[in-house]
Amino acid sequence: MNTRTALTTALIAIPLLGLANTISYVDLNPKEAHKIVLRVDEKPYFMTNIQVRLDKLRYDWDWNADTRDAIIAQAAEDGFNTVSIPIQWR
């Protein structure tokens, strides 16, 4: 079993086995939201997303950790509720 398969299996099995409380799920029956929606704590969660390349800020532009943290804080202040952070694979 490769790492990806193991992670996927764990993410599916943990809620099904009752080993963790379900925090979010994809609602495939769009009654209230009028579309398929992610629900968090039973409320529709509409993502306002920004992608931040922390790897480029660190390795290409040599920004320190405090400056990178400030970028994430600024995204929250600007009204984004989700930050996508790509993971570099080598």
Note on segment 21-66: residues closer than 19 Å to GLN88 by Cβ and in a helix (DSSP H, G or I) are LEU54, ASP55, LYS56, LEU57, ARG58, TYR59, ASP60, ALA65
Just a yes or no: is a residue in segment 3-13 surrounded by 10 or more Cβ atoms within 10 Å (Cβ to Cβ), out of contact with any Leu (no Cβ under 9 Å at 6 or more places or on another chain), part of a helix (DSSP H, G or I) and modelled with pLDDT of 80 or more? no
Please specify each residue of segment 35-81 satisfying the condition of being of a type outside the set (A, V, I, L, M), under 23 Å from SER24 (Cα atoms) and modelled with pLDDT under 90. LYS35, ARG39, ASP41, GLU42, LYS43, PRO44, TYR45, PHE46
Filtered residue count, segment 39-90, keeping only those that are more than 28 Å from ASN21 (Cα to Cα) and either touching a residue at least 60 places away in the same chain (Cβ under 8 Å) or among the acidic types (Asp, Glu) (or both): 7
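The values are calculated or read from the model by the stated rules, or taken from the named source; none is laboratory data. Quick caveat, the model's predicted, so the values are computed rather than measured. All Cβ positions, even for glycine, are placed from backbone atoms using ideal geometry, and neighbour counts span all protein chains on display.
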